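A.B. asks: Handing you a structure now.
Read-outs throughout are calculated quantities, based only on the coordinates presented, and are distinct from any laboratory measurement. These numbers come from a predicted model, not from an experiment. Glycine gets a Cβ as well: all are built from the backbone with ideal geometry, and neighbour counts include every protein chain shown.
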Amino acid sequence: MLAVAVLQNLRFKGGLTEEKRGAAEGRVEAFRPDVAYNLLHTVLYGLLAFSTMRMKYIWTGHMCAVAAYGVCGTELWTLLLKALRCNTKVLLRVVRSAVPVLMIGWLYYKFWPKLMEEVSELREFYDPDTVELMTWISLFH
């Protein structure tokens, strides 16, 4: 998919008039350059994450950006709604707004009780020597 996007971006030389005409007709010609750039970085950081476990922290941010583009972007939803033959601007706006809200609601429903249980089990670390040292330091400041 990434190779096709790169080739389409390199091949696309029509200028702004063809781009505007394609956008007006609702066609998606190629990935935007910023999306292609982020996808490329996501793939490269993903390969690094699979080889080195510490690189998953770099990969996570890029995956969040790509997921946000997929969930909230118009291009993918337009393609899906066209395939279902119900592509209207109002429905596109409703879907783009409702899907993130539904996802957040599902995550809240699924993980909030477990999170509260884990937080309630945390106990404050208490070391008498450390408390005595902190008290002594605070007396001289």
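A.B. asks: How do 93, 54 rank when sorted from fewest to most other Cβ atoms within 10 Å of their own Cβ?
C.D. replies: Numbers: 93 12, 54 8.
So the residues, fewest neighbours to most, are 54, 93.
A.B. asks: Right, something else. Given +1 on the Cβ of Lys and Arg, -1 on the Cβ of Asp and Glu, and no further charges, what dipole in debye does region 87-141 carry about its Cα centre, rounded to the nearest 20? Provide the component values of the computation, followed by the final result.
C.D. replies: Numbers: 6 positive and 7 negative charges, 209 e Å.
Computed about the Cα centre, the dipole is about 1000 debye.
A.B. asks: Which order, highest average first, do 31-42, 107-118 follow once you tally other Cβ atoms within 10 Å for each residue and take the mean per peptide?
C.D. replies: Averaged packing, sorted descending, gives the order 31-42, 107-118.
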